[in-house]
Amino acid sequence: MQQLTHLLTQALRELDQVHPPSSAALQTRRLLAEALASTRPARAPVATRLRVIVADDHLLVRDGLVALLQREPDIDVVAQARDGLELVRLAREHRPDLLLVDTDMPVMNGLEALRRIRAEPIACKAVCLSSRALPREVVAAIDAGAQGFVLKDNSFDELVRGVRRVMHDQVFISGELLQGTLAGMRQDPRELAITQLTPREREMVQLFAEGYSAQQIADQLHVSAKTVATHREHVYAKLRIQSIAELTRFALREGLTSLDARPPR
C-alpha cells in the first residue's frame, strides 16, 4: 500500500508540471487524486464524552464516585449535587446526558428531583443509587423517570455496566432486585398512592416525615405556615390518614424518605 501511495503521488506531481494541462490530463489527475485519497486511512471518529451529574448528600460517597467515574475515558462529571433541589437546578444549567441519583437526600429526595426534572424539557437518562434492596423503591424510581437502579453494595464495575446499558436505551436493575421488581411492575401505576399527591405535597410529606415542624417547612419553602397546614390537611384527606406517624410510614413505604434521614438542625 505504501508503494502504491508513492507511485500515485509521483504521477500527480508529474501531471502538475504539464502546462497548459489538457482536458485529458485534468481528467487523469482527478482519477489519480481519488485513488490516492482511497489509500489513506480513515480518520477515527471523535469520541463523545458522556456528561454526568452525580447527586449524593454524603461527601465521601460523592467524591469516591466522581474519582472513579473520571477514570473512565469517555465520562466527564460536569457537576455534583448535595440534595435533590440542587440536582434540579444543576440539571437545568448543565443539560447532562446522565444523572446518577441517590434516592435518599435531604431537602428534596432523589425520586422527587427526578419527577421535577422529567416535567421539564431536559432530555437525560438517570440511574438511581440506593442502600436499600427494596423492589418497591425500584418501581417508584422507574415510575419517577429512572432507567437504571443500582445498589450501593454493588461494585463500581456493576455501576458502569448499568450506565452503559442505560445509555444504549436499555433498562438496568441490579440482579438481586430484578425478580421482585418485575412482580411489582404488574401493579397499575395509577394505583400507587403517591400519584395522588402534587409535587409540593410530596415535598412536604418528606419534610414532615423527617421531623421538620410546620414553621420550619414554611421557612424553607418560603411560604406561610398557614399554607403548610393547608397542604398537610389535603395530604391527610387524600391518603386517609390522621397523624404524622401514619404520614411517616407512608413516606417510608413510598421511598420519599428513609430511616437514616438526617433530622433538621
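We did not get these values from a lab; they are worked out from the coordinates using the rules stated. Bear in mind the structure is a predicted one, so any value in this text is a computation, not a measurement. When we count neighbours, we look across all protein chains shown, and the Cβ atoms used for this are built from the backbone with ideal geometry, even at glycine.
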Check your understanding: ³J(HN,Hα) across segment 126-133 via Karplus (A = 6.51, B = -1.76, C = 1.60, θ = phi - 60°), whole Hz, x for Gly/Pro?
Key -> 8, 10, 8, 10, 8, 8, 10, 8
Point to revise | Label-point separation, residue 131 to residue 67 (7 Å along Cα→Cβ), nm | key: 1.9
Check your understanding: Whole-Hz Karplus ³J(HN,Hα) for segment 200-206, in order, using 6.51 cos²θ - 1.76 cosθ + 1.60 and θ = phi - 60°, x for Gly and Pro?
Key -> 5, 5, 4, 4, 6, 4, 4
Exercise for review: Please give the peptides 109-117, 74-82 ranked by average Cβ packing (other Cβ atoms within 10 Å per residue), highest first, as a rough proxy for protection.
Suggested key: 109-117, 74-82
Exercise for review: Pop out the ³J(HN,Hα) list for segment 79-87 in order, Karplus 6.51 cos²θ - 1.76 cosθ + 1.60 with θ = phi - 60°, rounded to Hz; leave Gly and Pro as x.
Suggested key: 6, 10, 10, 9, 7, x, 5, 5, 4
Practice item. Collect residues whose amide H, placed 1.01 Å from N in the peptide plane, falls under 5 Å from the amide H of residue 172; neighbours closer than 5 in sequence don't count. Key: 148, 149
Revision key, fill the gap. Amide H contacts under 5 Å for residue 81, restricted to residues at least 5 apart in sequence or on another chain and with H modeled in the peptide plane, are 54, 55, 56
